[in-house]
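Enquirer: What follows is a structure written as structure tokens; I'll ask about it next.
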Amino acid sequence: MDKFVIQGGNRLVGRVKISGAKNGSLALMPATLLAPGTYHLKNTPNLRDVWTMSRLMNSLGAFCELNGNELFIDTTNITSFEAPYEHVKKMRASFYVLGPLVSRYGYAKVSMPGGCAWGPRPVDLHLKGLEKLGAEISLESGYVVAKAERLIGNRFHFDVSSVGATGNLLMAASLAKGTSLLTNAATEPEITALARFLVKMGAKIDGIGTPQLEIEGVDSLHPADEITIPDRIETATYLIAAAITGGKLELENTNPYHLTAVIAKLEEAGCDIDVNADKISIEMNGKPKPVDITATIYPGFPTDVQSQWTALMLAAEGTSKITDTIYPDRFKHVPELIRLGANVEVVDNSAIVQGGRKLSGATVMASDLRAGASLVLAALIAEGTTEVLRVYHIDRGYENFEQRLQSIGANIKRVKTDLV
Ligand code: UD1
């Protein structure tokens, strides 16, 4: 296993080219199951979650080859309709194959995502929605089995706005017979990008970018090529890296308009930010001001940036409150930040940060992808050496993380370790 060894105290200065969106690719890839043929997905991030999705697609009979950031997919010979536990347990987004498989092939058997109980959450909306489109759903030995002669268009209202369930139903409804109306649908940029890709493949979708999507099902779709949108969460992480170290960065190949909530909060914290078409420049002089955030659905502040914001607030003199309305218990990073000397208390779905305390290096453990990123950010300002264990979580979503951080002045290296 790998760990990061980070020496805090350096100011980050320079340029970073942002990768394609991990969550964008994870939606585009399963969509290729909807029409046999070859696809070329450019700007695909070369990272662990994409490798996991590629392996899953290959196990279905597709051929996925990632060459740098060019992903080639051939879905001509799909021979299996089953997503086994070994793939799904690694990545919840594997559940995305359910909609396309049942819609195109009339049958799908997909393992329930790891750690989730059958019941009202966390994939109930995916299943209720597919049932509304006429799929027969059953649970067999930890697997969801979905069957349908052909899905039939229908209306479906999402009780809770869900990125994954919207993606699954969009894909499924594209090949259904008749028209579907999805209301309170997710409007996250990765879903909008998926809808645009489906339209390129021949789908008929109205209301793209809004919470009301009307899909007129078609009999067949065809392959298309696509350029994956920039990763807004990676962008936000580097913006916060600049802000926390009092640095100056230029982020290229990104989309500032996908990040308006984060940019507004960074400005409130005292950062100077300039945006143009596909670039963001940020400069921070001195320490950030304490700023509260509430993570909510797009275009609000993203839950995937909540833990990084908590790290930033450790550097601010004063009290700030970080609230997560999407995942109320997403605070696994807090006990690890406390090991670095942070003063943070979790109350209900909020972290209350008393910032301005000196942080000192320690060995800490990444419990998930974004929690890991927040530990790296905190380590950048901690005195002495911090070791971040379980880097494989961070590798799921950050391409060349330590090389990019090194290139802008961070003292970080990847080291093999026996510690787990
Ligand atoms: C996606 C992102 C993830 C991000 C999250 C919220 C991908 C691959 N992952 O995850 O990085 O943190 O959106 O922006 O794109 N819910 C239900 N029932 C369901 C589905 C969801 O109650 O069937 C609830 C969840 O518990 C959560 C909320 O809906 O409270 C939003 O979750 P959702 O948008 O579905 O997250 P994911 O698609 O899993």
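The values are calculated or read from the model by the stated rules, or taken from the named source; none is laboratory data. A quick note: this is a predicted structure, and the numbers were derived from the prediction, not measured. In this analysis, Cβ positions are derived from the backbone assuming ideal geometry, glycine residues included, and neighbour counts consider all displayed protein chains. Ligands, DNA and RNA are excluded from the accessible area calculation, which covers all protein heavy atoms including side chains. Shrake-Rupley method; radii C 1.70, N 1.55, O 1.52, S 1.80 Å.
Enquirer: Compute the separation of the alpha-carbon centres of segment 309-326 and segment 162-210 and state it in Å as a whole number.
Expert: With segment 309-326 and segment 162-210 each reduced to a Cα centre, they are spaced 34 Å.
Enquirer: Continuing with this model, one more query. By how many nm would the segment from D206 to E317 grow when fully extended, if each residue of separation counts as 0.36 nm and the alpha-carbon distance is taken off?
Expert: Taking D206 through E317 to full extension adds about 35.2 nm, to one decimal.
Enquirer: What full-extension length gain, to one decimal in nm, is calculated for I338 and E267 as 0.36 nm per residue of separation minus the Cα-Cα distance?
Expert: Full-extension gain reported as 22.9 nm.
Enquirer: Continuing with this model, one more query. Any number yet on Rg/Rh for segment 75-116, C-alpha, Kirkwood?
Expert: Value, to two decimals: 0.98.
Enquirer: A follow-up question, please. Which one of L139, L60, L34 has the biggest mean-square fluctuation once the chain is modelled by GNM with Cα springs under 10 Å?
Expert: Looking only at L139, L60, L34, the biggest GNM fluctuation is shown by L139.
Enquirer: Another question about this same structure. Rounded to the nearest 5, what % of the DSSP beta bridges within the chain are antiparallel ones?
Expert: Bridges in the chain that DSSP calls antiparallel: roughly 75 percent.
Enquirer: Report the label-to-label distance for F72 and N411 in nanometres (one decimal), using points 7 Å from each Cα along the Cα→Cβ vector.
Expert: Each label point is offset 7 Å from its Cα along the Cβ direction, giving 4.5 nm.
Enquirer: So, in segment 22-227, how many Lys pairs have Cα atoms under 24 Å apart, if the pair is 8 or more places apart or on different chains?
Expert: Lysine pair count for segment 22-227: 25.
Enquirer: Sticking with this structure for a sec: So for the pair E252, I227, with labels modelled 7 Å out along Cα→Cβ, what separation do we get in nm?
Expert: Placing both labels 7 Å beyond Cα along the Cβ direction yields 1.4 nm.
Enquirer: Moving on to the next point. How much accessible surface area, in Å² rounded to 10, belongs to the heavy atoms of K287 with a 1.4 Å probe?
Expert: Only protein atoms counted, so the area is about 130 Å².
Enquirer: Can you bin segment 41-110 into rounded, prolate or oblate? Criterion: square roots of the alpha carbon gyration tensor eigenvalues sorted a ≥ b ≥ c, rounded for a/c under 1.5, prolate for a/b above b/c, oblate for the rest.
Expert: Oblate, because a/c is 1.5 or more while a/b does not exceed b/c.
Enquirer: Given a 10 angstrom Cα cut-off, can you work out which residue in D395, D348, D272 is the most mobile in a GNM of the chain?
Expert: D348
Enquirer: Would you mind listing how long the chain runs along its three principal axes, going by Cα atoms, in whole Å with the largest first?
Expert: The Cα atoms of the chain stretch 63, 41, 40 Å along the principal axes, largest first.
Enquirer: Suppose each label sits 7 Å from its Cα in the direction of the beta carbon; what would the S141-K358 distance come out to in nanometres?
Expert: Those two pseudo-labels are separated by 6.0 nm.
Enquirer: To continue, here is another question. I need to check one value: relative contact order of segment 22-227, counting alpha carbon pairs closer than 8 Å and at least 6 residues apart, in percent.
Expert: 21 percent
Enquirer: How much accessible area per residue does segment 191-290 have, in Å², with a 1.4 Å probe?
Expert: For segment 191-290, the per-residue accessible area is 40 Å².
Enquirer: How much of the accessible area of the chain, in percent, comes from carbon and sulfur atoms when a 1.4 Å probe is used?
Expert: After summing per-atom areas, the C and S share lands at 47 percent.
Enquirer: So, counting K/R as plus one and D/E as minus one, what does the shell of residues with Cβ under 12 Å around S350 add up to?
Expert: -3
Enquirer: Can you tell me which of R404, R48, R357 moves the most in a GNM of the chain? Springs connect C-alpha atoms under 10 Å apart.
Expert: Highest fluctuation of the listed residues: R357.
Enquirer: Also: Mind computing the radius of gyration and Dmax over the alpha-carbon atoms of segment 22-227? Å is fine for both.
Expert: Gyration radius and largest Cα-Cα distance of segment 22-227: 15.1, 41 Å.
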